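Here is the structure we will look at.
The values are calculated or read from the model by the stated rules, or taken from the named source; none is laboratory data. This structure is a prediction, so every number in the text was calculated from the model and none was measured. Neighbour counts are summed over all protein chains in view; Cβ atoms, including those assigned to glycine, are modelled from backbone coordinates with ideal geometry. Surface areas here come from the heavy atoms of the whole protein model, side chains and all, with no ligands, DNA or RNA. Shrake-Rupley method; radii C 1.70, N 1.55, O 1.52, S 1.80 Å.
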Amino acid sequence: MAYLVIKKDNQVLQEYQLNSEMEHSAGRSKDCNIHLDEATVSRQHLKIFFRDNAWHVQTLSKYSPIYLNNEPVDYSQLKNKDTIKIANYTFTFFNENAESTVKPDSITTSLPKEDSYGLTGETPTPLLETEAQEERTSEDDSFDEKTFVPESASNEWSIGIPYIIVRTPDADNKTLRLEGDYWVIGRDEMCDILVDDAKSSREHCEIYKKNSSYYIQDKGSSNGTLLNGNKINFKKEYSLKSGDNIQIGQAILTFEIRDPNFKDKLSLLPAEAEPILTENVYQAPVMYTDTERKVVKIKPKKSKNSMFYAILGILVCVLFYGLTQEDTQNTEMASSQTNNTLTPTNTSPIDSLAPDQKEYVEKTYVLAQNLYKQGKYELAIIEVEKIHSMVPEYKDTKDILKYSKVAIDTLMEQQEIKRQEDEQIKLAQKVNDMIDNCDQSYRGHMNSSVLDQCLASVEELDPENIRISQLRILANQNDAQKEALIAQKEAYKSQVNRRKALYDKANTLKKSGKILDAISAHNRNIASTLPDPENLESKSKQEIQALQKQIQEDMKRYSSEAEAAYNDKNYKVAIRKLEDAIKLNPQDADIKSQHAKYSKELFSIVKALYGDSVLEENLGNIESAKEKWKKIQSLDVEYGEYFKKSKTKLKKYGS
């Protein structure tokens with residue numbers, strides 16, 4: 001039995017049974033057997049079919065290749081546990097007739113686990129999923145060297161579970177649960193963490209786990225990587241802590257270590273504090289120390305009033321989140337100290353207190369937390385000062401004190417802003433009344449000198465008022481009309497030049513031999529609504545007819561040359577000629593069918609020859625084997641499977 005396990009963004013969507021009596025198509029069209037809802041997928045992207053006692057995959061898209069085991073292919077035979085990549089979709093091929101220790105039931109183990117935090121919101125997406133792999137022992141790859149795969153990493157670490165929160169200006173936030181030990185971040189669809197930003201390189205940076213700690217390293221990106229606002233050096237690793245921000249272009253990636261025992265720890269807090277904490281725990285930004293940068297804001301500017309409430313809300317959320325992260329951060333510090341990555345610190349001052357004093361400090365701390373959450377900042381400060389009278393610092397009391405004072409200052413500033421806004425409203429009303437008088441009194445004989453006399457006192461109060469500018473425009477209406485006519489002529493001239501640029505670009509592409517691109521450029525000129533005094537639209541139509549005729553002649557010539565080479569058993573030349581023809585007209589089904597036929601015959605020839613060569617090698621007839629490998633090199637195309645294998649064998653024996 002053969003079947004596909006289909007995933008999107010590494011989440012299992014379905015298990016699709018394959019029928020050897022039919023062809024299975026996949027693409028964006030609803031008529032496909034496997035419907036892929038993705039704009040970058042072609043309507044008919046690929047097909048999977050059973051032929052010659054084996055399963056095969058073939059691309060149907062003329063724009064986008066398929067990736068078989070991370071290698072671009074047009075056509076290939078499938079082996080057990082092969083992976084096919086299309087955009088964000090991954091097909092894993094399983095054939096129970098092939099020998100494998102991986103059971104179909106094990107597929108379900110890759111499904112995302114229930115969020116250990118018990119939240120009912122967004123489910124973290126597993127990025128990396130490891131599956132057991134064995135040596136391939138099927139007939140098709142019996143000549144390959146053994147492949148060894150390291151054991152999969154555990155999903156749970158002693159320091160907590162790592163997550164990445166991706167924030168971009170034009171998309172919703174995305175929370176990703178990291179599984180494994182190594183993740184690549186970049187713009188390429190093959191990356192573990194996809195960052196679709198113009199300043200993101202294909203492989204921008206990497207995060208990896210080493211000795212129970214996490215590190216980030218830039219991979220030589222064009223625009224660099226910021227860690228907490230500071231640019232990191234290429235080829236130098238930097239330690240990551242929970243709450244660190246990674247910036248790539250306008251994308252912000254927040255790294256977090258979450259505590260799987262978070263709910264159990266909540267039970268230790270007073271009952272009145274738990275609902276507030278569970279409600280806000282992952283909706284707020286991370287608390288930062290004084291030496292760290294905060295998240296770069298990438299949202300549009302707001303009014304002073306809304307900005308104040310945004311700042312105030314962030315202050316509250318920041319402390320909420322910082323409090324819930326304390327246990328995780330303590331666990332990180334303990335793990336780091338175990339691995340000698342930090343210098344041991346002195347005993348905490350709280351340890352010197354008596355048990356009843358410790359209990360008093362903890363209760364006062366919880367009270368200060370609740371007062372801060374309720375917006376009672378003065379009372380929160382009083383409770384924190386009680387704690388500091390006994391110990392110089394406790395948990396994040398310094399942050400509570402700091403942000404409470406900031407909140408009080410912000411409230412006072414808001415009151416001052418409100419007073420200034422009221423004064424501005426009164427002034428604006430006075431200015432409007434004065435402008436209304438000027439408008440009514442002087443509309444009939446408006447000119448610059450009269451307008452200046454009327455608006456002199458208004459400009460002293462509000463020189464930037466837009467209505468003053470509007471009245472001056474009325475006074476100079478004749479001059480404005482003349483300027484408008486000149487501007488219209490310039491705009492028309494610019495549009496004519498743009499039309500000519502479209503036509504010239506098409507001719508340039510034709511001269512460089514890019515026939516299809518030239519036709520597309522001429523079509524854009526034809527579809528353009530720009531002025532066409534030189535009748536360039538008609539010229540483009542004539543050029544398209546000539547180019548299409550040239551394509552037909554070239555296609556006929558390539559097909560004839562390919563057939564002649566095929567009759568001479570020169571498969572490599574025949575296939576290259578057909579590939580040249582496909583470049584001219586990717587939609588020609590006959591040429592593609594002819595290409596598939598020649599490729600299949602060549603594949604069978606070199607496969608048999610490679611099998612004989614490996615047999616000679618095993619018998620110790622190295623020179624005979626080398627001759628067969630050299631023959632494969634001369635027969636097969638450079639991207640052919642057995643061309644590459646024979647090249648590797650020759651290199652192994654110094655040829």
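With open to solvent by less than 10 Å² (accessible area, probe 1.4 Å) and either in contact with a Lys or Arg (Cβ under 8 Å, 6 or more places away or on another chain) or modelled with pLDDT under 90 (or both) as the only criterion, which of 29, 42 stands out? Give the derivation first.
On the way: 42 fails: open to solvent by less than 10 Å² (accessible area, probe 1.4 Å).
Sole residue among the options that is open to solvent by less than 10 Å² (accessible area, probe 1.4 Å) and either in contact with a Lys or Arg (Cβ under 8 Å, 6 or more places away or on another chain) or modelled with pLDDT under 90 (or both): 29.
Residue by residue through the stretch 9-26, note down the ones that are crowded, with 17+ Cβ neighbours inside 10 Å and at pLDDT 90 or above. Talk me through it step by step, then tell me what you get.
Filtering the stretch 9-26 for residues crowded, with 17+ Cβ neighbours inside 10 Å gives 10, 12, 18, 24-26.
Passing the criteria: 18, 24, 25, 26.
Tell me which residues, restricted to the stretch 472-519, are in contact (Cβ under 8 Å) with a residue 12 or more places away in the chain and either in contact with a strand residue (DSSP E or B) (Cβ under 7 Å, 6 or more places away or on another chain) or of a type in the set (Ser, Thr, Tyr) (or both).
Residues satisfying the conditions are 492, 503.
Starting from the stretch 412-440, take each residue that is under 15 Å from residue 470 (Cβ atoms) and list its partners that are of a type in the set (Ser, Thr, Tyr), counting only C-beta distances under 9 angstrom and pairs at least six apart or across chains.
434/457
Here are 630, 644: which of them is within 24 Å of residue 52 (Cα to Cα), among the basic types (Lys, Arg) and open to solvent by 30 Å² or more (accessible area, probe 1.4 Å)?
644
On the given criteria, is residue 597 surrounded by 16 or more Cβ atoms within 10 Å (Cβ to Cβ) and closer than 29 Å to residue 633 by Cβ?
no
Among strands (runs of 3 or more DSSP E) lying entirely in the stretch 1-79, which contain 2 or more residues that are closer than 25 Å to residue 597 by Cα? Steps first, answer last, please.
Numbers: elements: 2-8, 11-17, 24-27, 46-51, 54-59, 66-68, 71-73, 75-77.
Filter on the stretch 1-79 gives 24-27, 46-51, 54-59, 66-68, 71-73, 75-77.
Could you please find all residues in the stretch 164-176 being assigned to a strand (DSSP E or B) and either touching a Ser or Thr at 6+ places or on another chain (Cβ under 6 Å) or open to solvent by 10 Å² or more (accessible area, probe 1.4 Å) (or both)?
165, 166, 167, 168, 171, 172, 173, 174, 175, 176
Rundown of residues vs (1) surrounded by fewer than 16 Cβ atoms within 10 Å (Cβ to Cβ); (2) of a type in the set (Val, Ile, Thr); (3) assigned to a strand (DSSP E or B), yes/no style:
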position	(1), (2), (3)
179	no, no, no
184	no, yes, yes
188	yes, no, no
200	no, no, no
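Conditions (1) within 30 Å of residue 583 (Cβ to Cβ); (2) exposed (fewer than 14 other Cβ atoms within 10 Å of the Cβ); (3) of a type in the set (A, V, I, L, M); (4) touching a Lys or Arg at 6+ places or on another chain (Cβ under 6 Å), marked per residue:
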position	(1), (2), (3), (4)
458	no, no, yes, no
465	no, no, no, no
468	no, no, yes, no
487	no, yes, yes, no
494	no, yes, no, no
503	yes, no, no, no
506	yes, no, yes, no
510	yes, no, no, no
516	yes, no, yes, no
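In the stretch 615-627, what count of residues is obtained for those that are among the aliphatic types (A, V, I, L, M) and buried (at least 18 other Cβ atoms within 10 Å of the Cβ)?
Total satisfying the criteria: 1.
May I ask you to verify whether residue 210 is touching a Cys at 6+ places or on another chain (Cβ under 9 Å) and surrounded by fewer than 20 Cβ atoms within 10 Å (Cβ to Cβ)?
Considered against the rule, which asks whether it is touching a Cys at 6+ places or on another chain (Cβ under 9 Å) and surrounded by fewer than 20 Cβ atoms within 10 Å (Cβ to Cβ), residue 210 comes out as no.
Of all residues in the stretch 562-579, how many are open to solvent by 30 Å² or more (accessible area, probe 1.4 Å) and either assigned to a helix (DSSP H, G or I) or among the acidic types (Asp, Glu) (or both)? Write out each step before concluding.
Keep residues of the stretch 562-579 that are open to solvent by 30 Å² or more (accessible area, probe 1.4 Å), which gives 563-564, 566-570, 573, 576-577, 579.
Among the residues that remain, those that are also either assigned to a helix (DSSP H, G or I) or among the acidic types (Asp, Glu) (or both) are: 563-564, 566-568, 573, 576-577, 579.
Residues in the stretch 562-579 being open to solvent by 30 Å² or more (accessible area, probe 1.4 Å) and either assigned to a helix (DSSP H, G or I) or among the acidic types (Asp, Glu) (or both): 9 in total.
Quick one: which residue in 61, 76 is out of contact with any Gly (no Cβ under 9 Å at 6 or more places or on another chain) and either of a type in the set (Gly, Ala, Ser) or at positive phi (or both)?
On the way: 61 fails: out of contact with any Gly (no Cβ under 9 Å at 6 or more places or on another chain).
Just one listed residue meets the conditions, 76.
For the stretch 383-425, give me each residue that is over 45 Å from the mean Cα position of the chain (by Cα) and within 15 Å of residue 371 (Cα to Cα).
Selection gives 383, 385, 386, 387.
Looking only at the stretch 214-230, filter to residues that are outside any loop (DSSP other than H, G, I, E, B) and over 14 Å from residue 178 (Cβ atoms); which one of those is farthest from the chain's Cα centre (by Cα)?
The selected residue is 230.
Tell me, which residue of the stretch 395-410 that is more than 20 Å from residue 349 (Cα to Cα) and free of Cβ contacts under 8 Å to residues at least 24 places away in the same chain is surrounded by the most Cβ atoms within 10 Å (Cβ to Cβ)?
Result: 402.
Would you be able to tell me the number of residues in the stretch 438-458 that are modelled with pLDDT of 85 or more and out of contact with any helix residue (DSSP H, G or I) (no Cβ under 8 Å at 6 or more places or on another chain)?
Result for the stretch 438-458: 1.
Tally up the residues in the stretch 523-541 that are open to solvent by less than 20 Å² (accessible area, probe 1.4 Å) and either of a type in the set (Phe, Trp, Tyr) or within 41 Å of the chain's Cα centre (by Cα) (or both), please.
Residues that pass the stated criteria total 2.
Residue under question is residue 473, and the condition is that it be within 26 Å of residue 443 (Cβ to Cβ), open to solvent by 70 Å² or more (accessible area, probe 1.4 Å) and among the β-branched types (Val, Ile, Thr); does it hold?
yes
Does at least one position in the stretch 47-60 carry a residue that is within 23 Å of the chain's Cα centre (by Cα), farther than 21 Å from residue 12 by Cβ and open to solvent by 20 Å² or more (accessible area, probe 1.4 Å)? Before you say what the answer is, go through the steps one by one.
Kept after step one, since they are within 23 Å of the chain's Cα centre (by Cα), are these residues of the stretch 47-60: none.
Taking every residue of the stretch 47-60 in turn, none turns out to be within 23 Å of the chain's Cα centre (by Cα), farther than 21 Å from residue 12 by Cβ and open to solvent by 20 Å² or more (accessible area, probe 1.4 Å).
Mind listing whichever residues of the stretch 213-234 are at positive phi, in contact (Cβ under 8 Å) with a residue 24 or more places away in the chain and open to solvent by 40 Å² or more (accessible area, probe 1.4 Å)?
Those that are at positive phi, in contact (Cβ under 8 Å) with a residue 24 or more places away in the chain and open to solvent by 40 Å² or more (accessible area, probe 1.4 Å): none in the stretch 213-234.
Taking interchain pairs and intrachain pairs at least six residues apart, which have beta carbon atoms under 6 angstrom, with the first residue in the stretch 542-563 and free of Cβ contacts under 8 Å to residues at least 24 places away in the same chain and the second outside any helix (DSSP H, G or I) and among the hydroxyl-bearing types (Ser, Thr, Tyr)?
none
Which one of 591, 582, 632 is within 20 Å of residue 77 (Cβ to Cβ) and assigned to a helix (DSSP H, G or I)?
Working: 591 fails: within 20 Å of residue 77 (Cβ to Cβ); 582 fails: within 20 Å of residue 77 (Cβ to Cβ).
Step by step, each of 591, 582, 632 is checked, and only 632 is within 20 Å of residue 77 (Cβ to Cβ) and assigned to a helix (DSSP H, G or I).
Quick one: is residue 520 part of a helix (DSSP H, G or I), open to solvent by 30 Å² or more (accessible area, probe 1.4 Å) and within 30 Å of residue 589 (Cβ to Cβ)?
Criteria met by residue 520.
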